[in-house]
Number of protein chains: 2
Amino acid sequence: MNTEPLTSEAILDAAEAALRRFGPAKTSVVDVARALEVSHGSVYRHFPSKAALREAVTARWLERVSAPLEDVVTRPGPASRRLRDWVALLAATKQAIARDEPELFETFHQIATGSRDVAAAHVDHLADQAARIVADGIAAGEFTDGDPAVLGRAVLHATARFHHPALSREWGDPATTAADLDAVLTLILHGLTRPE
Amino acid sequence: MNTEPLTSEAILDAAEAALRRFGPAKTSVVDVARALEVSHGSVYRHFPSKAALREAVTARWLERVSAPLEDVVTRPGPASRRLRDWVALLAATKQAIARDEPELFETFHQIATGSRDVAAAHVDHLADQAARIVADGIAAGEFTDGDPAVLGRAVLHATARFHHPALSREWGDPATTAADLDAVLTLILHGLTRPE
DNA sequence: CGACTGACAGATATTGACATTTGTCAGCGG
DNA sequence: CCGCTGACAAATGTCAATATCTGTCAGTCG
């Protein structure tokens, strides 16, 4: 048969492919093992449970979501522009996946609501990225003073409607959604209160 | 038997009581009719379907949510204070119901996701209330210029995490949640950009 | 020896016969 | 007449028998 050794990476690839094809409800560990032409017992040598396997798939997938965002965080330019682009990219990415890969998106959402750890780590990661842009803006004198950690978290919360999976049903027409997000971003950047 | 005529209001009362007692999944039209000591056929003379009946219950219940908010909209005082209180009251009301009346809350959420009309009307109503406070603030020179309708909607969207039923799972500790909402409200009212 | 298998027990999901519910309507009674 | 009833068909829900799946582990193979 196959002389290649079975790796965790190969299992993750097969698991992701199976989740894409069958969806979270219809994907069994046996399905994944069958695709790799091994017994399902072998899969359990690499992952302690089905839940752990699905979490690993989700973690890897979330990493692929946040990696391109990192570029926006570290690139040069005004913080206000980068914060706008960062949120817009985050929202566009999540919305595109919800539209084009509903199976994987549902898996992610299920795990995010089920086991808190993976989701919480992702949220912390995003909040940190936002906080770093805010910190840059404060350092450059572009933004008003404040705790970057608190402000980054607030930016993420204020834009939750446009990137939180639980609200994917609200994402109707992309143009309207983009306009609504733009209004919220303008509100965050300018604020309501008139400067003295 | 009972000589009183059967009214839509009486049916709504009975339906709400039944939903509270049995929950949305276990409440049948027959249950509602039995409580009123009529046949279930009579209920269908007042509401064309079970879905319509549940929507009517939800609409009446949503009205009871937004009525107290109206007081905050029309009362005197600075717009910034009223906007803060309005959002805080909206969030606190939704969160209290999610905690204390999970049955009714689940019914509402189910209908909100299922049939768009009732939910959309409620969202429009709330956006309008926010817009009126914003309009007051602009008229008083307290807020910067802008379209109140757009800004009211943006305020509702930016605070969705704290009152949208789909995100009720995120409402963990009330103190932390209140602090997070406070950070978002401060962000909205002050904005990030430093005034020149 | 270490990676893998395959049989196994307990947990979970599927199926299909059965019961309840939704929604309609002809007709009863005030 | 008008509001209500109750019998009914179709849709939906329930439940127990059955099948599949998860997770374990003693044993096989290279």
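The values are calculated or read from the model by the stated rules, or taken from the named source; none is laboratory data. It should be emphasised that the depicted structure is a prediction, and the values quoted were computed from it without experimental measurement. Methodologically, a virtual Cβ is constructed for each residue, glycine included, from the backbone with ideal geometry; neighbour enumeration extends over all protein chains shown. When the accessible area is computed, the model is the full protein with side chains, heavy atoms only, and any ligands, DNA or RNA have been set aside. Shrake-Rupley method; radii C 1.70, N 1.55, O 1.52, S 1.80 Å.
Quick notes
- Accessible carbon and sulfur surface of chain A relative to its total accessible area, %, 1.4 Å: 55 percent
- Overall shape: prolate for chain A, with the ratio a/c of the largest to smallest alpha carbon gyration tensor axis at 1.5 or above and a/b above b/c.
- Exposure of residue A:60 as accessible area (Å², to 10), given a probe of 1.4 Å and all protein chains: 50 Å²
- Magnitude of the charge dipole, the protein assembly as shown, Cβ model with Lys/Arg +1 and Asp/Glu -1, debye to 20: 660 debye
- Heavy-atom accessible area, 1.4 Å probe, ligands and nucleic acids excluded: residues of region B:160-190 down by at least 30 Å² from chain alone: B:161, B:164, B:166, B:167, B:169, B:170, B:180, B:183, B:184, B:187, B:188, B:189
- For region A:1-110, accessible area per residue (1.4 Å probe, heavy atoms of protein chains only), Å²: 54 Å²
- Put a plus charge on the Cβ of each Lys and Arg, a minus charge on the Cβ of each Asp and Glu, and nothing anywhere else: the dipole of chain A about its Cα centre is then about 360 debye.
- Net +/- balance of residues flanking residue B:153 in space, Cβ distance below 10 Å, scoring K and R +1, D and E -1: -4
- Qualifying aspartates and glutamates (Cα of each under 15 Å from Cα of residue B:94; at least 8 residues distant if same chain): B:63, B:85, B:103, B:106, B:170, B:173
- Buried surface for the B/A pair, taken as the accessible area of each chain alone minus that of the pair with a 1.4 Å probe, is close to 3200 Å² in total.
- Relative contact order (%) - criterion: Cα under 8 Å, at least six apart; region: chain A: 20 percent
- Across the identical copies, how the residue A:45 labels are spaced - nm, sorted shortest first, 7 Å along Cα→Cβ: 7.4
- Ordered by 1.4 Å accessible area with all protein chains kept, B:22, A:105 run largest first as B:22, A:105.
- Computed from label points 7 Å out along Cα-Cβ, the spacing between residue A:75 and residue A:25 is 4.0 nm.
- Whichever aspartates and glutamates have a C-alpha closer than 14 Å to that of residue A:50, once near sequence neighbours (fewer than 8 apart) are set aside: A:16, A:31
- A probe of 1.4 angstrom, applied to the heavy atoms of all protein chains, finds residue B:99 with accessible area near 150 square angstrom.
- With a 10 Å cut-off around each Cβ of B:77-84, the average count of Cβ atoms from other chains is 1.
- Label 7 Å beyond Cα on the Cβ vector: residue B:21 copy-to-copy distances, nm: 5.2
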